[in-house]
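The values are calculated or read from the model by the stated rules, or taken from the named source; none is laboratory data. Small disclaimer: the values here were computed from a predicted structure and weren't measured. Glycine gets a Cβ as well: all are built from the backbone with ideal geometry, and neighbour counts include every protein chain shown.
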Amino acid sequence: MLRQPAALPKPVAADAGSSLGVMGNTSRGPLKWSGKAARWLPVALACIPSVALLADDGSETPNASRRHAPIKVENFSLRDHEGKSRELYRQTEAPAVVLIFTSTGCPIVQKSIPRIKELRDKFGSKGVVFWLINSNTQDDTASIREEAEDFKIDLPILLDHSQSVARLLGATRTAEAVCIQCNSWTVFYRGAIDDRLGYGTEKKRVSHPYLENALKNLLAGKKAAPIRTDVKGCLIQFEPSGPTETK
């Protein structure tokens with residue numbers, strides 16, 4: 001473990017009090033077509049891929065080369081949906097911090113919650129910290145708390161209202177896991193949780209438990225393999241100054 005300096009680097013300022021575009025109640029499942037449907041339909045549409053966005057032919061988006069390279073993550077501090085401050089560089093006792101990007105109403109994230117909680121329980125006992133992070137400016141604190149209650153989410157959901165952390169990490173889609181090793185504050189794995197969920201598809205069994213394997217390797221003193229995988233999730237809707245994928 002690297003020695004922690006006496007004075008922590010200045011973190012990205014928390015912005016839980018920022019003014020947000022308030023969003024009405026979202027659907028809590030894919031079959032609840034009611035008056036709420038019109039509110040979460042844009043979120044569902046954001047999960048529909050295009051050939052250019054997925055780049056399944058092996059081509060890279062403008063952000064891809066930067067995201068593949070090992071990076072050191074700057075310190076940041078955000079409040080979670082219950083008002084508690086969470087600062088990255090204070091997690092010095094943890095071997096790793098896992099950030100998973102989310103937004104209310106995203107069906108892939110909703111279906112991933114049981115698996116995320118399972119991994120949290122398994123690796124949390126070994127000191128790994130799990131945080132969800134919401135960088136969608138359309139999601140206000142009330143709607144985030146409501147979804148947390150509906151889906152029994154008992155993990156901290158960090159409120160990245162300014163989208164500063166999403167920009168820092170180059171995140172563009174929900175359901176992406178970014179794993180940070182705490183003795184160097186560098187990313188050792190980023191990408192999908194596993195290969196079970198896709199756009200309109202759901203496998204019965206996981207064939208490639210990417211996140212689980214990355215954490216197992218870290219704890220065993222080995223490198224993650226692979227270190228980067230494609231993510232199936234909803235697009236994070238950035239304000240004009242944020243990063244965008246090629247369309």
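Taking F123 and the conditions (1) more than 16 Å from the chain's Cα centre (by Cα); (2) at positive phi; (3) of a type outside the set (S, T, Y), which numbered condition does it fall short on, given that it satisfies the others?
Of everything listed in (1) more than 16 Å from the chain's Cα centre (by Cα); (2) at positive phi; (3) of a type outside the set (S, T, Y), F123 misses just condition (2).
For residues that are farther than 24 Å from K111 by Cβ and among the small types (G, A, S), scanning just the range 161-218, find the one that is surrounded by the most Cβ atoms within 10 Å (Cβ to Cβ).
S162
I need the full set of residues from the range 126-158 which are over 27 Å from E212 (Cβ atoms) and touching a strand residue (DSSP E or B) at 6+ places or on another chain (Cβ under 7 Å), in order please.
Once the filter is applied, which keeps residues that are over 27 Å from E212 (Cβ atoms) and touching a strand residue (DSSP E or B) at 6+ places or on another chain (Cβ under 7 Å), the range 126-158 yields only T141.
Taking the range 84-96, which residues are over 25 Å from D140 (Cβ atoms) and either part of a strand (DSSP E or B) or within 12 Å of the chain's Cα centre (by Cα) (or both)?
Of everything in the range 84-96, just one residue is over 25 Å from D140 (Cβ atoms) and either part of a strand (DSSP E or B) or within 12 Å of the chain's Cα centre (by Cα) (or both), namely A96.
Look at V98 and say whether it is under 21 Å from I180 (Cα atoms), of a type in the set (V, I, T), touching a strand residue (DSSP E or B) at 6+ places or on another chain (Cβ under 7 Å) and touching a residue at least 60 places away in the same chain (Cβ under 8 Å).
yes
Restrict the check to the range 23-34 and report whether at least one residue is buried (at least 18 other Cβ atoms within 10 Å of the Cβ), at pLDDT 50 or above and not charged (D, E, K, R).
The answer is no, given that none of the residues of the range 23-34 is buried (at least 18 other Cβ atoms within 10 Å of the Cβ), at pLDDT 50 or above and not charged (D, E, K, R).
For the range 175-185, state whether one or more residues are in contact (Cβ under 8 Å) with a residue 60 or more places away in the chain and more than 20 Å from K72 (Cβ to Cβ).
The answer is yes; a qualifying residue exists.
Kindly indicate the residue of the range 59-91 that is among the charged types (D, E, K, R) and more than 21 Å from S184 (Cα to Cα) and also modelled with the lowest pLDDT among those meeting that condition.
The extreme case among them is E60.
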